[in-house]
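What follows draws every value from the coordinates through simple rules; no lab data is involved. Bear in mind the structure is a predicted one, so any value in this text is a computation, not a measurement. Methodologically, a virtual Cβ is constructed for each residue, glycine included, from the backbone with ideal geometry; neighbour enumeration extends over all protein chains shown.
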Amino acid sequence: MRGRRPTPTFLKLIRGNPGKQRLPQGEPEPQRPDDIPSPPSFLTGYAADEWRRVAGELYHLKLLTRIDVNLLAAYCVSYKRWRDAEEALLELGSSLPLKGLMMRYRNGGDLMRNPLVSIAHHAAADMVRYAGEFGLSPAARARIALPARVPASKFGDLLAGYDRPRDL
């Protein structure tokens, strides 16, 4: 499929339907879990910690459904891989030139880029890409505006969905 990826209707509604286009009817809506899901069993360490940090927020924003669990897990794995690589680089920094960013070839000759740098770079790129899918970055959040809440009053529910006529 060419061109831009279609924006889910739920995100269009949250953004206030900026293009004022007709919204599709009958778009499938994945089922939301009854409660904040626990991290999958294969997530350990930093990945499980990151899951616990973001899953609740995504759940309360109604951005986490049952079919999104694996995408969030992939984000958490990327986070763990990035963090592990960065910590390993920090440990190596005291014994290698350029704080571990470079290392010598086996024969002791020229310097080469430390493979941990590439691992950290690719994991960070994956993490940012997955985070954008859930609105976890400032730029992604800037494109999402939650609907304003009408102050609680006895008429609040009546006015919540009211649009003013255009001819006034």
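Backbone amide hydrogens, once placed in the peptide plane, bring residue 102 within less than 5 Å of 114, excluding anything fewer than 5 places away on its chain. The chymotrypsin sites (Phe, Trp or Tyr not before Pro) of region 31-85 that meet both conditions, a loop assignment by DSSP and at most 14 other Cβ atoms within 10 Å of the site Cβ, are 42.
Would you tally the net charge around residue 59, using a Cβ to Cβ cut-off of less than 13 Å, leaving residue 59 out, and scoring K and R as +1, D and E as -1?
That sum, taken over residues with Cβ under 13 Å, equals +1.
Give, as a single signed number, the net charge of other residues whose beta carbon lies under 10 Å from the beta carbon of residue 83, with Lys and Arg counted +1 and Asp and Glu -1. Walk me through the intermediate numbers first.
Values: positive: 80, 81; negative: 49, 50, 84, 86, 87.
Result for the local shell: -3.
Rounded to the nearest 20, the size of the Cβ-charge dipole of region 15-74 about its Cα centre is 340 debye, with Lys and Arg at +1 and Asp and Glu at -1.
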